[in-house]
Amino acid sequence: MMNDDITLNPEKTDRGMPQMQYQELTMERTDNLLQEQQMQMHAAEGVQCPHCGEMNEPGAIFCASCGQPIGKTTCPNCGAELDPDADFCETCRHYIRKDVCSFCGSHLSGNEAFCPECGSPRGGIVCPVCHTLNDFSFCKQCGTPLTDEAHQLLERMKQMPEFQEMQQLASELQQLDLTIPYSSERELLRDQRNVQLRERVLTLLAQDRGVPNPVIPQSEHKRLSKEEYEAKKKERLDKISAILDKMAQVPQPKPAQVRNYAMACRPQGVRLAWECNFKHALHSSPCGCAKPQMGGKWVILGKNTKKEIKDDK
């Protein structure tokens, strides 16, 4: 029996197809076959790193050459797919590393009840203020420092001029929120008459005491128009935002370092969210990010913002 394979006997199977077209088809099939064989060889040899191109052993999670992750792993609690260098599962919200202290980032052998470096319990610390169980040095709910290292870091942060300025601006914002701006022209006129009445009464009282030309101090609780109120609030928010940008956390080897620094420099009295560099998602704090070691920063959330915080889902 004669072989009808197109690669061996193209004249036999011509059937009206030009010889050149047969040759092109033959070359294409041959190239595809070679590519398939190469892929099978690579699969047998190992895994190629997408970062540096180095071949690694089959089943490798990290590249032996550059150290970058080259595969996926799963959460031991819920089975969700995770990057191999993630230490926190954003699905079930559990810290998953057994060999690294979540409070200070020190290495653990896997059997200690307490971290030999910082002394923190591996089961977590209950916040004395809001009674939330935490795996990290600052309470994820109220921001209270829970370890000696956290207290020391917060005290050092309070000495920084940038932090002091930011906290002063935050206090001014809180004072602004206590004021009620004018809602109408009629309300403005009524308040002006009240100011004039106050000055008149204080002047008469001073004259009765023998002060002919008394100087009446202005009230510290001067009301603002809606436009003045919004302008002052925006000015302070913009300044806080600029300081937060300067204090943004750059990538660090240890996730614990990023979490602790970010929580220590968080100003009180401002509605914030942590924007991570991992997925550029918004978290209520870096405690809810799987890979905070990639860095991130605090961002200010407006009063009626529509931005969604991932941790609140």
*Can you find a residue in segment 174-190 that is more than 30 Å from GLU275 (Cβ to Cβ), part of a helix (DSSP H, G or I) and in contact (Cβ under 8 Å) with a residue 24 or more places away in the chain?*
yes
Scanning segment 90-130 for residues that are part of a loop (DSSP other than H, G, I, E, B) and over 21 Å from PRO286 (Cα atoms) gives LEU108, SER109, GLY110, ASN111, GLU112, ALA113, CYS115, PRO116, GLU117, GLY119
Those residues of segment 238-280 which are part of a loop (DSSP other than H, G, I, E, B), over 12 Å from GLN293 (Cβ atoms) and either in contact with a helix residue (DSSP H, G or I) (Cβ under 7 Å, 6 or more places away or on another chain) or in contact (Cβ under 8 Å) with a residue 12 or more places away in the chain (or both) amount to MET247, ALA248, CYS265, ARG266, PRO267, GLN268, GLY269, VAL270, ARG271
Here the residues within segment 116-131 that are in contact with a strand residue (DSSP E or B) (Cβ under 7 Å, 6 or more places away or on another chain) and of a type in the set (Val, Ile, Thr) are ILE125, VAL126
Go through the residues of segment 220-234 one by one and say whether even a single one is in a loop (DSSP other than H, G, I, E, B), surrounded by 12 or more Cβ atoms within 10 Å (Cβ to Cβ) and either of a type outside the set (Lys, Arg) or in contact with a strand residue (DSSP E or B) (Cβ under 6 Å, 6 or more places away or on another chain) (or both).
-> yes
Hey, does segment 283-298 have a residue that's within 9 Å of the chain's Cα centre (by Cα) and open to solvent by 20 Å² or more (accessible area, probe 1.4 Å)? yes
* To do: Report yes if PHE163 is surrounded by 19 or more Cβ atoms within 10 Å (Cβ to Cβ) and in a loop (DSSP other than H, G, I, E, B), otherwise no.
  => no
Result of the Cβ filter at 8 Å on segment 103-130, keeping first residues that are under 15 Å from GLN257 (Cα atoms) and partners that are among the acidic types (Asp, Glu) and not in a loop (DSSP other than H, G, I, E, B), at least 6 apart or interchain, is PHE103/GLU149; CYS104/GLU149; CYS118/ASP148; CYS118/GLU149
Just one listed residue, out of ILE61, ILE96, is open to solvent by 40 Å² or more (accessible area, probe 1.4 Å) and either modelled with pLDDT under 95 or within 15 Å of GLY288 (Cβ to Cβ) (or both), and it is ILE61
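The values are calculated or read from the model by the stated rules, or taken from the named source; none is laboratory data. Values in this document were obtained by computation on a predicted structure and should not be read as measured data. For neighbour counting, all protein chains shown are included, and Cβ atoms are generated from backbone atoms with ideal geometry for every residue, glycine included. Remember, those area values only see protein heavy atoms, side chains included, never the ligands or the DNA or RNA. Shrake-Rupley method; radii C 1.70, N 1.55, O 1.52, S 1.80 Å.
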